[in-house]
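What follows is a single structure, written as structure tokens, with notes after it.
The values are calculated or read from the model by the stated rules, or taken from the named source; none is laboratory data. Bear in mind that the values here come from a model prediction, so they are computed numbers and not experimental data. Note: ideal-geometry Cβ built from the backbone for every residue, glycine included; neighbour counts use all protein chains shown.
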Amino acid sequence: MAKLSTTESLKKLTVRIKQPAGRNAQGRITVRHQGGGHKRLYRLVDFKQEKQDIPVRVEAIEYDPYRTAFIARLVYRDGERRYILAPQGLKTGDELIISEKAPIKLGNRTLLRCIPVGTLVHNVELLSGKGGQLARSAGSAVEVLANEEGYTHLKLSSGEVRKVPWSGWASIGQLSNPDHRLEEIGKAGRSRWLGIRPTVRGSAMNPRDHPYGGGEGRSPRGTRRPKTKWGKVTGGRKTRKKKKWSNKLIIKRRR
């Protein structure tokens, strides 16, 4: 586990954002079981990292309450400070660089076409200049399988293999905090701190409130396929659009 710094977060790189508690612009609940929770400050993480060819030093490794991976506070040679996602093994004092000619070293960022086959990367761009969108959660990484005909073939953590334009940027290494998946919340109170409100089982409801409701005692589900409260089938139905434009970029479907 990465050693976190004891310094406080940088004030100018944090903002307070409104907690919508699952409500839309009209104030109606559109996502259930959200609300409350401890106050949090949002860290402005730099997913684009467009400042190229300027040496940068890791000033601190910090916890971010809004994401599962840790973040690193960088200080550039010109004095500017920014937050980025911290890869596993990155330490305070390490030197990084964002460049087309950057060496393949932990934390460096370069073009996909310059990254050798077999390298693990994170914060990968789907479109050049848009900022990283793939592999941004704790312990996640994407493996570079090939570079050909203007595309880089990537193997995602789900097992899916897809093509991404090789003009996009990616950071070297696997993301920090891979043990996050082993965490146990442990008690109801901690769920409330995280902003998660209680969830009532459908089988404990009345028939008018849920497709699973009703019956004497502990009754079986009574419906063949798993459904939501509103009767929408959730198990075994494909939700991806058949004519989605990016279907042609997927070489192998996820498991």
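Numbers at a glance
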read-out	value
Strands (runs of 3 or more DSSP E) fully within the range 108-163 counting 1 or more residues that are among the charged types (D, E, K, R)	109-111, 142-148, 151-155
Hits in the range 151-188 - residues which are farther than 18 Å from Gln88 by Cα and either free of Cβ contacts under 8 Å to residues at least 12 places away in the same chain or among the polar types (S, T, N, Q) (or both)	Thr152, Ser158, Ser167, Glu184, Ile185, Gly186, Lys187, Ala188
The one condition in (1) in contact (Cβ under 8 Å) with a residue 60 or more places away in the chain; (2) crowded, with 16+ Cβ neighbours inside 10 Å that Gly129 fails to fulfil	(2)
Single residue of the range 44-65 satisfying the filter (touching a Phe, Trp or Tyr at 6+ places or on another chain (Cβ under 7 Å) and not in a loop (DSSP other than H, G, I, E, B)) that is surrounded by the most Cβ atoms within 10 Å (Cβ to Cβ)	Val56
Scan of the range 20-43 for residues that are farther than 28 Å from Thr228 by Cα and assigned to a strand (DSSP E or B), ordered by number	Tyr42, Arg43
Verdict on Asp64 being more than 22 Å from the chain's Cα centre (by Cα) and among the charged types (D, E, K, R)	no
Single condition Val200 does not satisfy, out of (1) at pLDDT 90 or above; (2) in a loop (DSSP other than H, G, I, E, B); (3) over 25 Å from Ala21 (Cβ atoms)	(3)
Candidate set: the range 203-240, residues that are on the phi > 0 side of the Ramachandran plot and under 33 Å from the mean Cα position of the chain (by Cα); chosen: the one modelled with the highest pLDDT	Gly231
Tally, over the range 214-232, of residues that are within 15 Å of Ala204 (Cβ to Cβ) and surrounded by 10 or more Cβ atoms within 10 Å (Cβ to Cβ)	6
